Amino acid sequence: MAFDKVLKNVINKCLKQPKLLRCLSTHFKHDIEDHVGSKIKWTSTLDFVSPDCFSPIPTYRVLDSRGNILNKFEEPAIENATLEKMYKDMILVNTMDKVLYESQRQGRISFYMTNYGEEATHMGSAAALDLNDLVYGQYREVGVLIWRGFTLSEIMNQCYGNCLDPGKGKQMPIHYGSKRLNFVTISSPLATQIPQAAGSAYALKNQNRVVMCYFGEGAASEGDAHAAFNFAATLDCPVIFFCRNNGYAISTPTEDQYRGDGIAVRGPGYGITTVRVDGNDVLAVYNATKAAREFCLERSKPVLIEALTYRVGHHSTSDDSTAYRSQKEVDERIQNDNPVKKLRLYLENKNLWNEEKEKEWLHLTKRNVLEAFNAAEKILLPKWTEMFTDVYGVIPHHLRKQMNEMEKHLENYRDHYPLEKYST
Amino acid sequence: MARVAAVRMLNAVTSKYANTNCRTLSMTSVAKAKEVAVRDALNAALDEELERDDRVFLMGEEVAVYDGAYKVSRGLWKKYGDKRIVDTPITEIGFTGIAVGAAMAGLRPICEFMTFNFAMQSIDHILNSAGKMFYMSAGRVNVPIVFRGPNGAAAGVAAQHSQCYGAWYAHCPGLKVLSPYSAEDARGLLKSAIRDPDPVVILENEMLYGVKYPLSDEALSKDFLIPIGKAKIERDGTHVTIVSHSKGVETSLLAAKELQAIGIEAEVINLRSLRPLDFEAISNSVKKTNHLITVEQGWPSHGVGAEICARVMESDTFFHLDQPAIRVTGADVPMAYAKALEDASLPSPADIVDVAKRILST
């Protein structure tokens, strides 16, 4: 094909300029500049490209560690109320994490994952999106859902799998989802959301919406990530790939996860516009996501954002991170690079926050979280018929038969079952 | 793949089953038997085979520094170092392909999946690369590799983390598929698999890792091997044959105990190997008992039990049955998250007892 195309070009040129026609028979034009659509630059020097010949992609930030603006032209024009909501939602996530983590330890729910340390990646990116945008999470993005309006009750109901859980108790805790908020339900298998997000973006082209896809630097090692990046680039999908590079995939540190300049450097390789940001700087995350969203919409192309952050908590309630990292390392990060503190200092500098407000909000949040928690625990479990639903769109004959048998059985023996625990 | 629940409530599982007394159920000599947990039996088998053959190495997610998500490789990285115990990035299809390539080049990789749920990413390399390379190369390239990790229903981790892959892999020619139940099985089958010239899939059971079983002196020997393709009669009986594998063997043995109390002597066959399948053992037993029940945690459709029943139909064993053979299986639904439904979705001793009573008309 390539050769045919080149030959055709040459012939066409020759026909237009008859004096060149003679050249065709004796000379062939070798210096093609295009390899079936991609540009070629020729060289006579044998040079291997070393990964060290590039300096690291710089990390964009707006705030310093004390919450001061580094360059006033980069300070985003965010309304005061919105800034305050960013901070309040961070505290809310922290408070909720504490209660739910402890409740798993007490055996009241089976599983939990905390979000400590990654609050700025949630709030900064969520605030820059439109509610109409479609979001795919990995599993550690509950702050994004909260920002979009997911209520404490909805969270607690999911973790308890009660009858108000939209998942009808069929999923493990933290597998949230909300059609109302355009947030696709979390799926346990790692990285499957990345190609799905590219596919959704392909379907939603030219609808003034983008797809936001969160994933970790560990998930970026899965084959799915490669497929997603390549397809989003070649199919011009308006999707933001948002990598939360938090340093660890369970116990695997980034140095064992990849070589080279992190996840960001892969973007240009796929032909994807890319930026790296300080994931612990909520304003930097906001600016990057906002600009990425505009780029996606204007050009109908993907963007890759790599946000550098740190997973302060254990991977999940199944993990004990002291087995592979020191408490000192964690403490130092909490002390010196704390996204919540950083935003608080910024707000205090702007006179938007103070100790009194902090106390008041902490108190209120704790009360609200515990109220929602206690309420969810008392709510009835889903109706028994739910065990026959949702495997197929229409309940097939053999399941319908079992359901009817069960119904008759319960009519006859209802005293033998704790039916009072289940909704009717 | 999913890290969400990989190591969930390991301790809870261990303690829940720590008191299960399986001593009376084993057929191995118990006089001097040492109680060993399945996890430790696997660990010792790995250690011995790593020591015996320097072509053997272990690779997978979290297997080195972290000692494995389920601590099966505890201490091995400290002993053998980075060259033999290799932590990998999270790319199942990637490290499975690499392990297969290493086997093609003459090494003997043991490829650990954090759970077999994540091996779905790797299935192309397991079936098309490892399983068929010997055939496709007309016998010139063999793939001596072991794929292992926990399989089957765990506890409280819902549909995407709880399923049995026994029937999936046993479907495929070119693979050998083992499904150990006890510490003896785990130890002997793993050692045999590592020494085998063909690709072997070992489906361990997450819920059995912490359970202790007696190991005889013979089983503790460094040269203890269990032949691939041979079942084990876990319990002799004359009235009904119960065939099972992995966790289902435990359930079957508990059922056999209950049946004994009402005068039914069940013969329990532990398949150990799903491919090749020891049909001779099943057939001999059915010829004695004239009744057959199969027990598995996997789904019924096209499953291990279905295969056994079909082989009975196709052979003269059929004429020895007094009643139709019955399958006791996992429920034909994605695994429920709710504990009560999860329990109900898996075969229980009571399910087996009911079926036995029904076919024996007692």
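The values are calculated or read from the model by the stated rules, or taken from the named source; none is laboratory data. Quick caveat: nothing in here was measured; it's all calculated off a predicted structure. All Cβ positions, even for glycine, are placed from backbone atoms using ideal geometry, and neighbour counts span all protein chains on display. Keep in mind that these areas ignore ligands, DNA and RNA; they rest on the heavy atoms of the full protein, side chains included. Shrake-Rupley method; radii C 1.70, N 1.55, O 1.52, S 1.80 Å.
Tabulated values for the structure
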{"quantity": "Filter result (out of contact with any Cys (no Cβ under 9 Å at 6 or more places or on another chain), surrounded by 20 or more Cβ atoms within 10 Å (Cβ to Cβ) and part of a helix (DSSP H, G or I)) within segment A:205-224", "calculated": "A:S221, A:D224"}
{"quantity": "Strands (runs of 3 or more DSSP E) wholly inside segment B:265-326 that include at least 3 residues being touching a strand residue (DSSP E or B) at 6+ places or on another chain (Cβ under 6 Å) and within 30 Å of B:Q160 (Cα to Cα)", "calculated": "B:273-275, B:292-295"}
{"quantity": "Any pair with Cβ under 6 angstrom, 6 or more apart, that starts in segment B:158-180 at a residue that is within 24 Å of B:Y135 (Cβ to Cβ) and more than 14 Å from chain A (Cβ to nearest Cβ) and ends at one that is open to solvent by 10 Å² or more (accessible area, probe 1.4 Å) and β-branched (V, I, T)", "calculated": "B:G166/B:V304; B:A167/B:V304; B:K176/B:I228"}
{"quantity": "Residues located in segment B:260-281, provided they are under 15 Å from B:R235 (Cα atoms), buried (at least 24 other Cβ atoms within 10 Å of the Cβ) and of a type in the set (A, V, I, L, M)", "calculated": "B:A266, B:V268, B:I269, B:L271"}
{"quantity": "Selected residue (only one of B:Y66, B:Y70 is buried (at least 18 other Cβ atoms within 10 Å of the Cβ), within 21 Å of the chain's Cα centre (by Cα), within 13 Å of another protein chain (Cβ to nearest Cβ) and not aliphatic (A, V, I, L, M))", "calculated": "B:Y70"}
{"quantity": "Of the criteria (1) more than 30 Å from A:G218 (Cβ to Cβ); (2) within 14 Å of chain B (Cβ to nearest Cβ), which one A:H314 fails", "calculated": "(1)"}
{"quantity": "Among (1) at pLDDT below 95; (2) at negative phi; (3) open to solvent by 60 Å² or more (accessible area, probe 1.4 Å) - the single one A:D390 does not satisfy", "calculated": "(2)"}
{"quantity": "Criterion (of a type in the set (A, V, I, L, M), surrounded by fewer than 16 Cβ atoms within 10 Å (Cβ to Cβ) and assigned by TED's automatic domain parsing to the domain that holds A:T121) met by exactly one of A:I305, A:I272, A:I334, A:I263", "calculated": "A:I334"}
{"quantity": "Single residue of segment A:152-192 satisfying the filter (more than 14 Å from every other protein chain (Cβ to nearest Cβ) and out of contact with any Gly (no Cβ under 9 Å at 6 or more places or on another chain)) that is surrounded by the fewest Cβ atoms within 10 Å (Cβ to Cβ)", "calculated": "A:K179"}
{"quantity": "Subset of segment B:105-125 (residues that are more than 19 Å from the chain's Cα centre (by Cα) and assigned to a loop (DSSP other than H, G, I, E, B))", "calculated": "B:A105, B:G106, B:L107"}
{"quantity": "Single condition B:S246 does not satisfy, out of (1) outside the structural domain of B:A167 (by TED's automatic domain parsing); (2) touching a Ser or Thr at 6+ places or on another chain (Cβ under 6 Å); (3) on the phi < 0 side of the Ramachandran plot", "calculated": "(3)"}
{"quantity": "Residues satisfying the stated conditions in segment A:337-354, i.e. in a helix (DSSP H, G or I) and open to solvent by less than 20 Å² (accessible area, probe 1.4 Å)", "calculated": "A:P339, A:V340, A:K342, A:L343, A:Y346, A:L347"}
{"quantity": "Helices (runs of 4 or more DSSP H) wholly inside segment A:112-175 containing at least 2 residues that are among the small types (G, A, S)", "calculated": "A:119-127"}
{"quantity": "Elements of type strands (runs of 3 or more DSSP E) in segment B:146-264, at least 1 residues being over 22 Å from B:A69 (Cα atoms)", "calculated": "B:176-178, B:212-215, B:232-235, B:240-244"}
{"quantity": "Number of positions in segment A:248-276 that are touching a strand residue (DSSP E or B) at 6+ places or on another chain (Cβ under 8 Å) and within 14 Å of chain B (Cβ to nearest Cβ)", "calculated": "8"}
{"quantity": "A:D52 being without any contact (Cβ under 8 Å) to a residue 12 or more places away in the chain, part of a loop (DSSP other than H, G, I, E, B) and among the acidic types (D, E)", "calculated": "no"}
{"quantity": "Where A:K421 falls short, out of the listed (1) closer than 20 Å to A:K170 by Cβ; (2) touching a helix residue (DSSP H, G or I) at 6+ places or on another chain (Cβ under 8 Å)", "calculated": "(2)"}
{"quantity": "Failed criterion for A:Y202 (all others in (1) of a type in the set (S, T, Y); (2) more than 12 Å from every other protein chain (Cβ to nearest Cβ); (3) assigned to a loop (DSSP other than H, G, I, E, B) hold)", "calculated": "(3)"}
{"quantity": "Given (1) free of Cβ contacts under 8 Å to residues at least 24 places away in the same chain; (2) assigned by TED's automatic domain parsing to the domain that holds A:P173; (3) surrounded by 15 or more Cβ atoms within 10 Å (Cβ to Cβ), number of the condition A:A372 does not satisfy", "calculated": "(1)"}
{"quantity": "Every pair of residues 6+ apart whose Cβ atoms lie under 6 Å, when the first sits in segment B:324-340 and is more than 10 Å from every other protein chain (Cβ to nearest Cβ) while the second is in a loop (DSSP other than H, G, I, E, B) and among the acidic types (D, E)", "calculated": "B:T329/B:E296"}
{"quantity": "Segment A:96-143, subset open to solvent by 20 Å² or more (accessible area, probe 1.4 Å) and of a type in the set (K, R), residue farthest from the other protein chains (Cβ to nearest Cβ)", "calculated": "A:K98"}
{"quantity": "Given (1) open to solvent by 90 Å² or more (accessible area, probe 1.4 Å); (2) more than 13 Å from chain B (Cβ to nearest Cβ), number of the condition A:L362 does not satisfy", "calculated": "(1)"}
{"quantity": "Subset of segment A:33-73 [within 30 Å of A:R344 (Cα to Cα) and open to solvent by 100 Å² or more (accessible area, probe 1.4 Å)]", "calculated": "A:P58, A:R61, A:R66, A:K72, A:F73"}
{"quantity": "In segment B:45-63, residue nearest to the other protein chains (Cβ to nearest Cβ) [restricted to those that are part of a helix (DSSP H, G or I) and open to solvent by 10 Å² or more (accessible area, probe 1.4 Å)]", "calculated": "B:D47"}
{"quantity": "Among (1) open to solvent by 40 Å² or more (accessible area, probe 1.4 Å); (2) modelled with pLDDT under 90 - the single one B:V13 does not satisfy", "calculated": "(1)"}
{"quantity": "Residue match in segment B:329-345 (condition: open to solvent by less than 10 Å² (accessible area, probe 1.4 Å) and farther than 30 Å from A:G107 by Cα)", "calculated": "no"}
{"quantity": "Within segment B:85-130, considering residues that are open to solvent by less than 10 Å² (accessible area, probe 1.4 Å) and small (G, A, S), the one nearest to the other protein chains (Cβ to nearest Cβ)", "calculated": "B:S122"}
{"quantity": "Unmet criterion (only one of (1) under 25 Å from A:M90 (Cα atoms); (2) of a type outside the set (A, V, I, L, M, F, W, C); (3) touching a residue at least 40 places away in the same chain (Cβ under 8 Å); (4) away from chain B (no Cβ under 14 Å)) for A:R244", "calculated": "(4)"}
{"quantity": "In segment B:341-358, the residues that are of a type in the set (D, E) and within 14 Å of chain A (Cβ to nearest Cβ)", "calculated": "B:E342, B:D343"}
